[in-house]
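Novice: Got a structure for you, written out below as structure tokens; questions coming shortly.
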Amino acid sequence: MPASLKLWHTFPADSPQEALLAEAVREFEAARKGVSVDVTRIPYLQNLQQFINSAQGGEAPDLIRLSDTEVGKIGHISVEGLPLLEDLRPHLTPAQRAHYEPRSLAAMRYGEPLFALPVSQGCLALLYNKSLFDAAGVSYPRSDWTTADLLAAATALTQGEVRGISLPLKWSYWFLPFQWGFGAGPFDEAGNVTLDSPGTDTAVEWFLDLDRIHGVVASGVSLEAMSTQFQLGKAAMVLDGPWAWNRYVEAGLDIGLAVMPTVESTGLRLAPMLSYFGWGVSKQSAHKVEASALARWLTSDTVQKRYALSSNMLPVQESLLEDPEILANPVLAGFLEQTAYGRTVPTNRASAMLFEQLDTALDLSHSGKMATTEALAAADAELEKRLSQ
Amino acid sequence: MAPRPFITVLASWLLVLSLCATAAQAAGPNMAVVVGEESYRTLRIEVTGPIDPRTDAWEVWFANREFSRLDEAEFHSLVRRGDTSGLTRPAVGAAYDECRVDGDMAHRDEQGRPVISSQATRWSCDLTGMTPGQVQWIAVVPVDAAGTPLLDVNALQPVAGRTDVPDVRTPPPDSRPVTYALGAIVLSAIALLSFLRWQDAKRGRTRARLAHLYVAPGIIALAGLTFYPILYGIWLAFTDADQSHLGDTAFIGLQNFVEVFKTPGIWRVTAFTFIWSIANVTFHVLLGLVLALALNRPGLKGKTVYRTILLLPWAIPGYISVLAWNGMLQPDGLINGMLGTQIDFLADAGRARVVVILVNIWLGVPFMMASFSGALQALGKDMFEAAEVDGVSRWDQLIHLTLPNLKATMVPVSLLGFIWSFNAFNTIYLLSRGGPYVGFGEPGATDILVTYVFEVAFTYGHYGLAAAWSVLIFLMLVGFSWTYLRQTRATEAAA
Amino acid sequence: MNQTVAQKSYVPAELLALRSWLPAAAAMNGLLFVGEALRASPGGMGLTATGLLLLLALRFTLPAQAGAGRLWALRLLAMALIAVGFGAFMLTDRTLYDVWSRAWLLGPGVLVLAWSFFAPVQAWSTGKGGPEAAEEGLARNRTRLPRLETRALHLFLLHAIAVIIVPVIWIADVAVSPGNILGGRIGDAFTLEHFRSVLGGSQFWIWTRNSLIIAIGTTLVGLALAVPAGYAYSRYDFAGRKGSMFAFLLVQMFPGIIILVPYFMVMKTLGLLNTSIGLIIVYSVTALPLCVWMLKGFFDTVPRALEEAALLDGCTQLEVFFRIVLPLSLPAVGMTALFSFIAAWNEFLLALVFNTSNDRYTLPVGLSSMIPANGQLWGDFAAASIVVSIPVVVLFMLFQRSLIQGLSAGSVKG
């Protein structure tokens, strides 16, 4: 069936990822006679709002690349009683669906509907600067490290301008591993908000003490400052994702990768939050059969493998998780090992609104304006209030 | 998506495709498979016993054309048979597709595959992933525990089905109301101008003959493009418009405004908005004026260089310079490096407020300087020379000659400067995101009204509420501007 | 004692200058005190405050009239100031900032001390020198005073430039630093890789072309709409005048961000999505309020008598406008043109919302589409921003030149 598809992506201009996309789209067009695809690059930060605006104006693209967080943000939006994205469940056979790693598929569901097909995953892991470790005579992080080992190493590494570890203390994405590691979590099994749990309290104190008591983290580090610090050799360790690896290597750093340590008191490993990207189809699309076929192709093992090998994007196709070529790559293998310890937050409005409240609690607690317990209780109450509206 | 009884489907089948009736009814020696109700890209198959007791699972195969061997078809799914104890039954809609056993939801194994209890005699499954509008052939192959098919896989007799249930699309927004509104706005603008023109003619104001014609293009373009969105925004403030139900909004009167006034921190954020705007516009005008005057000194060397450099904050895209400031204000940034400190300027409410204002002053001075420079250059030099000869002091020249002549420039740029500052979104958003936090569920320390409105609209999706905030901002600005213009008499024509 | 007029009005230029410079230096130290407070350095705060007080004391110790003496007191205070400045300097790490901030104590001290030994100052303060000396001094002041003023002016402008240029240098440093980091020491490394990758990008020139078309189009359309309107508002009193002038402002007052969707619908209905002309019209209308008001204010200052005379000479309305009013208002026209151009050149949000086709992207939108999801290409981004601001700077320089020429060509106004 002849069709012209509009596709939006957020890969940077002239990036290798953009080139890979163009290649995959050409292959799709060649395989499906009569289908043409119009590829448009949208600035990443504006992607979601642009999609919402265009959808309200009846000009939404057929396909869009978006993260699980973004699915969580737009899942509840309804125009004329319909969601913005197509439920892709009828579009796949169970056999086709089984190719995707189950957690990644679940992350693309908002309640019941499946709003996108997962294409990549990511999470934080412990990166370290080998030369700084060597200079301080500290042995490299190992997978059997506990948080006490982490703190001891960070203390030993904090010398002069160098800090032991670079962490943006006001960003809850960096805090969540600690919350889970201390046996708590933002939500319980039933999805209730549990920010006021005792474990969270301990986790916040431990996390903020890295700056307040131990001084191994520079205070007031923003997201940008975090990677800059590490890149300039002003921090020996950092929690960062696979996306940052090449940047550090290109900057001439000799870096290593380790899974996050275990919390001594709970015996649980620090668990990074898993995040996903996927391809969704617009509810407005006039060519859903072709659009979903393209989404399947763009998330296929062939295409995912290219992205993994060229840009460290961790695959979510079951077959690739065992792929020898992927596992031969130490970065991919290391991060995939870390994903095994990763946790997810449900893809919903609660998670989309979690970060602001948790950020606020971290900020107020760090600045000493509120006691940690008090701040967490208030964050919990506020989030629940927002959700009930 | 009304489910059609399978009889109808079957009947249309027979008529349209003239298939033999047996095709729809043969799968195994004892088992019967029929195509049941359909939905978009989905056919339901119903399998009714007697079931071969050796059956451990059923493989479902399908193809776009009739097939008799498995290698001509595509594997669709596996339905297991066996003990269901310890397995869960998903709620309706919770699974990716629906399978039922004797009318109840089927159990699922840990991989999400349906498991049919060994006692069951009939089950049905939704087969997703069908091509709509095409005949799909489906074969259900029972296999034993070793995976061996229990029927001849080279003589399969698939059942056929077809789903024509259309895809549900969001209707495109109706653009007719917009067309009518635009037409009405433009026509009223023209009518109003003509009426005013006629009124003038009646009163005999002949000098103004062409005046309405001169202003007409500007007015019509302005009205045509911007009146509809603003009127729409005002209307929105009285509705319950929300992201969760767009295109279905109801009039709710003043409820949104009540909500606005109940927001904790509303007075604080309003006060800071005024402080922010007044501080900004004051320093923009003052510093712009001082710099313009300094650069207006006759015979000063390097004027062009100074002016060009002083223009840079205006020339460089705002978002990069604000990000640059953000970087410079970091604890290990340039400013702390210069002072030899480690201050987190954006962490403390008071300091963050001062800093956002300073950065915005930095951004806005060049525009004012350029405006005043232009105006100063146009002032006649003879006037000042005469004053000089008369022994008028510099200060008096400034107060009595320069400033009155600059008033025509100063009034509009300061007013617009105020309006722009009031609604200036980027500096705060990019520098501090409204932070640091003051408390939960209230605006941050450096939030101004418009950044908070943005959050209400786009983080929480309450469009109606955000529109109510916007209307209040609008009213504040209208009130302020009206007073300001009356005080300065700027709308008067030249004497 | 009988004094001549010259004797009465003569004050040495140096002392005149110090009268305004010393308070300025004191004010500057007030600002520097904030810096010391941020450092939480009690020594720095104390010494800066002492310096500030000494500067004020110096100001009031300056001989107020001829023969007032007090030179020794002045010298003592100046030496105290130098000592304070030196002490404050020794407290610091002697960075560039420290040198500069202490120079605001040492500089005035040294200057006062040196000038207190200057012969004319000494003579005047001690009351020596008769009417001839005063005449001579007045003559000297005529060249000396402007020169001192010019120097002060340069000093002031250099400070202004420093404040303006530090972030710009910072951006430039990011643009020429290898890797993609935000910050780092200025000037520690140099590379052109970011400029190469920006200028070598497949899209950069398309964005530039689109931006140029739209910015120039906006300038022209904006002027075409604003000039007649501004003229009418300035020259004629007609029904609906005030109301419509206010209406121009009104549309700027509603927060634009909330009405993007209806605006989008308007553009869609008019068939202006994904077109250059659409953005040109939108930007012209956005710039209209400022342009109309600014031009109106400017036309107000062009004397009507000139026009009336020309009309009597038989010129048509149009000729009068183009030959007399317009040339005289060139600075304002130029200003509004520059304003429209920059507004269109740097606008981001509407350019994004109304254009969803990559070959229609303008520079700001294109640049932001270079940002990856995780971590930013700061180097490329900074390099691109510099490249983007060059046309504006060039335009401004051209504009300044043509302005000056235009003005000297028709300086009839009085």
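Novice: Can you give me the long-range amide H partners of A:L274? Hydrogens built in the peptide plane at 1.01 Å from N, cutoff under 5 Å, separation of 5 or more residues or another chain.
Specialist: A:R343, A:T344, A:V345
Novice: Let me spell out the model: positive unit charges on the Cβ of Lys and Arg, negative unit charges on the Cβ of Asp and Glu, origin at the Cα centre of the protein assembly as shown. What dipole size does that give, in debye rounded to 20?
Specialist: With only Lys, Arg, Asp and Glu charged at Cβ, the dipole is about 5880 debye.
Novice: Follow-up question, since we're still on this one. Let's test the formula: R0 of 45 Å, r as the Cβ-Cβ distance of C:I165 and C:T275. What FRET efficiency results, to the nearest 0.05?
Specialist: 0.70
Novice: If you don't mind, there's one more thing I want to ask. Taking 7 Å along the Cα-to-C-beta vector as the label spot, tell me the C:R401-A:D188 distance in nanometres, rounded to one decimal.
Specialist: 7.5
Novice: For chain B, what is the calculated [θ] at 222 nm in deg cm²/dmol (nearest 500), taking -39500 (n - 2.57) for each run of four or more DSSP H residues and dividing by its residue count?
Specialist: After summing the helix terms and dividing by the residues of chain B, the value is -15000 deg cm²/dmol.
Novice: Ok, one more. Could you work out the mean count of beta carbons from other protein chains within 10 Å of each residue's beta carbon in B:239-249?
Specialist: If you average over the peptide's residues, the count of other-chain Cβ atoms is 4.
Novice: Give, as a single signed number, the net charge of other residues whose beta carbon lies under 13 Å from the beta carbon of B:K303, with Lys and Arg counted +1 and Asp and Glu -1.
Specialist: In short, +4.
Novice: While we're looking at this one, here's another question. Just how far, in whole angstrom, is region A:87-164 from region B:382-458 if you go by their alpha carbon centroids?
Specialist: If you average the Cα positions of each part, the centres end up 47 Å apart.
Novice: 222 nm [θ] for chain C, helices only, -39500 (n - 2.57) per DSSP H run of 4+, per residue, to 500?
Specialist: -25000 deg cm²/dmol
Novice: Exceeding 22 Å between C-alpha atoms, which entries from my cross-link table qualify? They are A:K6/A:K305; C:K242/C:K296; A:K6/A:K283; A:K170/A:K234; C:K268/C:K296.
Specialist: Check vs 22 Å cut-off fails for A:K6/A:K305; C:K268/C:K296.
Novice: I'd like to know which of A:F28, A:L92, C:W100 lies farthest towards the positive end of the charge dipole of the protein assembly as shown, counting +1 on Cβ of Lys and Arg and -1 on Cβ of Asp and Glu.
Specialist: C:W100
Novice: With a Förster radius of 45 Å, plug the Cβ-Cβ distance of B:D71 and A:E112 into 1/(1 + (r/R0)^6) and report the FRET value to the nearest 0.05.
Specialist: 0.80
Novice: Along the Cα→Cβ direction, 7 angstrom out, place labels at B:R54 and C:L76. What is the inter-label distance in nm?
Specialist: 12.2
Novice: With a cut-off of 8 Å between alpha carbons and a minimum separation of six or more residues, what is the relative contact order of chain A in percent?
Specialist: Across chain A, relative contact order equals 26 percent.
Novice: Still on this structure, I have one more. Tabulate in residue order the Karplus-calculated ³J(HN,Hα) for region B:95-106, using 6.51 cos²θ - 1.76 cosθ + 1.60 with θ = phi - 60°, rounded to whole Hz; enter x for Gly and Pro.
Specialist: 7, 6, 8, 10, 10, 10, 10, 6, x, 9, 4, 7
Novice: Quick one: net charge around A:A95, please, counting Lys, Arg +1 and Asp, Glu -1 for every other residue with C-beta under 13 Å from its C-beta.
Specialist: Overall, the nearby charge balance is -1.
Novice: Further question on the same structure: State the answer as a single residue: which of B:V159, A:M108, B:L312 lies farthest towards the positive end of the charge dipole of the protein assembly as shown, with beta carbon charges of +1 for Lys and Arg and -1 for Asp and Glu, about the Cα centre.
Specialist: B:L312
Novice: In whole angstrom, note down how far apart the Cα centers of region C:203-272 and region B:108-143 are.
Specialist: About 61 Å separates the Cα centre of region C:203-272 from the one of region B:108-143.
Novice: Moving to a separate point now. Please list 3J(HN,Hα) in residue order for region A:293-304, calculated via the Karplus relation 6.51 cos²θ - 1.76 cosθ + 1.60 where θ = phi - 60°; whole Hz, with x for glycine and proline.
Specialist: 5, 5, 4, 5, 5, 5, 9, 6, 4, 4, 6, 4
Novice: Explain nothing, just the number: dipole magnitude of region B:223-301 about its Cα centre with +1 on each Lys and Arg Cβ and -1 on each Asp and Glu Cβ, in debye rounded to the nearest 20.
Specialist: In total the dipole reaches around 720 debye.
Novice: Can you compute 3J(HN,Hα) from phi for each residue in region B:368-376, using the Karplus curve 6.51 cos²θ - 1.76 cosθ + 1.60 with θ = phi - 60°, rounded to whole Hz and x for Gly and Pro?
Specialist: Computed from phi, the couplings for region B:368-376 are 5, 4, 5, 4, 5, 4, x, 5, 5 Hz.
Novice: If you average the sequence gap of Cα pairs under 8 Å that are 6 or more apart and divide by the length of region A:126-203, what percent do you get for the contact order?
Specialist: Relative contact order here is 16 percent.
Novice: Run the quick spin-label model on A:V249 and A:D38: label points 7 Å from Cα toward the beta carbon, then report their separation in nm to one decimal.
Specialist: Rounded to a tenth, the inter-label distance reads 3.8 nm.
Novice: Taking the Cα centre of region A:1-114 as the origin, how large is its charge dipole in debye, to the nearest 20, when only Lys and Arg (+1) and Asp and Glu (-1) carry charge on their Cβ atoms?
Specialist: 200
Novice: Right, something else. Enter the angle in degrees (range 0 to 90, nearest 10) between the Cα long axis of helix B:303-315 and the first principal axis of the Cα atoms of chain B, meaning the one along which they spread out most.
Specialist: 30
Novice: Identify, among B:V143, B:G133, B:P172, the residue whose Cα sits farthest towards the positive end of the charge dipole of region B:19-173, taking +1 on the Cβ of Lys and Arg and -1 on the Cβ of Asp and Glu, with the dipole about the Cα centre.
Specialist: B:P172
Novice: How big is the gap, in Å, between the Cα center of region B:155-231 and the Cα center of region A:56-70?
Specialist: 27
Novice: Further, regarding this structure: Hey, for a label at A:S310 modelled as a point 7 Å past Cα toward Cβ, could you say which residues of region A:31-64 have their backbone N under 11 Å away?
Specialist: Output list for this probe position: empty.
Novice: So, one more: Please report, in whole Å, how far the alpha carbons of chain B spread along each principal axis, starting with the longest.
Specialist: Principal axes ranked by extent give 121, 73, 46 Å for the Cα atoms.
Novice: Can you tell me the Rg and the Dmax, both Å, for the Cα atoms in region C:133-278?
Specialist: For region C:133-278, the Cα-based Rg and Dmax read 26.4, 82 Å.
Novice: Treating the angle as unsigned and between 0 and 90°, give the value, to the nearest 10°, between the Cα long axis of helix A:147-157 and the longest Cα principal axis of chain A.
Specialist: Relative to chain A, helix A:147-157 is tipped by roughly 70 degrees.
Novice: Determine the gain in length on full extension of the stretch B:K202-B:A386; use 0.36 nm per residue of separation and subtract their C-alpha separation, reporting nm with one decimal.
Specialist: Working it through step by step, the gained length comes to 61.6 nm.
Here, each number is a calculation from the coordinates, and none is a lab measurement. From a predicted model like this one, the values you see are computed outputs, not experimental measurements. So basically every Cβ, Gly included, is an ideal-geometry build from the backbone, and we count neighbours across all protein chains shown.
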